[in-house]
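The block underneath contains the structure these notes are about, expressed in structure tokens.
Rule-based calculations on the coordinates, nothing more; no lab input. Every value quoted in this text rests on a predicted model; they were computed, and no experiment measured them. FYI the Cβ positions are ideal-geometry reconstructions off the backbone, even for glycines, and counts take in every protein chain you see.
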Amino acid sequence: MIEEHIAKTPANFEIFSFAVIKAHLEKFACKIYRDTRTSAHDKGVDLSTNFGVVYQVKKLRIHTQVEAAQVYAELKMNFDEQRLQDGNVILIIDDVSKAVKQYLIDMKIQSINKGEILKMAANFDETEDRQKVLRIIYEEFRREYTSRIG
């Protein structure tokens, strides 16, 4: 189900990525929080953790250094230099070429692409973990919906 629906909309991409990462990190007693609504026009922190790392979610493909430099410039506007230099900003994106992924690593920006999210989800062998992901997805969509009508 995740593979079928994750790429349908930017909201799906953010919420499904969040659900998978949250279920994964909870196995290591780490907390992750979704700080924005998907209608926040991709500015600032989308997800944050209890250990100082923040995630910026962007449903886009980066295949050139020019595109990566543009994304990095936006990250510099949204996050302080210390957080970037400490490597505490992770980019969740639809797709990134290997060369550009390395370029981002050299800039101290880690990236997770849709394929890695799907692989992480596929590794949830326990029914309980899969149910947790679905529960998180349900709750986040419910929160999105009620915040829009409320």
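I want to verify a result. In a Gaussian network model of the chain, Cα cutoff 10 Å, which of these has the top mean-square fluctuation: K101, K22, K119?
The residue that fluctuates most here is K119.
Nearest 10 degrees is fine. How inclined is helix 127-149 to the longest principal axis of the chain, computing both from alpha carbons?
Relative to the chain, helix 127-149 is tipped by roughly 80 degrees.
How many nm separate the modelled label positions at R143 and L25, each set 7 Å beyond the Cα in the direction of the Cβ?
Taking the simple label geometry, R143 and L25 are separated by 1.2 nm.
Mind checking which aspartates and glutamates have their C-alpha under 15 Å from K132, skipping anything on the same chain fewer than 8 residues away?
By straight Cα distance, K132 reaches E26, E140.
In deg cm²/dmol, rounded to 500, what helix-only [θ] at 222 nm does the chain give when every DSSP H run of at least 4 residues adds -39500 (n - 2.57) and the total is split over its residues? Don't skip to the answer; put the middle values down first.
On the way: 7 runs with 81 residues, N = 150.
Value at 222 nm, helices only: -16500 deg cm²/dmol.
When DSSP beta bridges are limited to those with both residues in the chain, what percentage is antiparallel, rounded to the nearest 5? Write down the numbers at each step before the final one.
Working: 5 of 16 bridges.
Here the antiparallel bridges make up roughly 30 percent for the chain.
Quick one: what Rg and Dmax do you get for the chain from the alpha carbons, in Å?
Expressed in Å, the Cα Rg and Dmax of the chain come to 15.1, 45.
Hey, got a sec? Which GluC sites (Glu not before Pro) in region 90-150 land in a DSSP loop and have at most 12 other Cβ atoms within 10 Å?
Filter output for region 90-150: E126.
Using the 10 angstrom Cβ neighbour count as an exposure proxy, how do D129, D86, D106 rank, fewest first?
Listed from fewest to most nearby Cβ atoms, that is D106, D86, D129.
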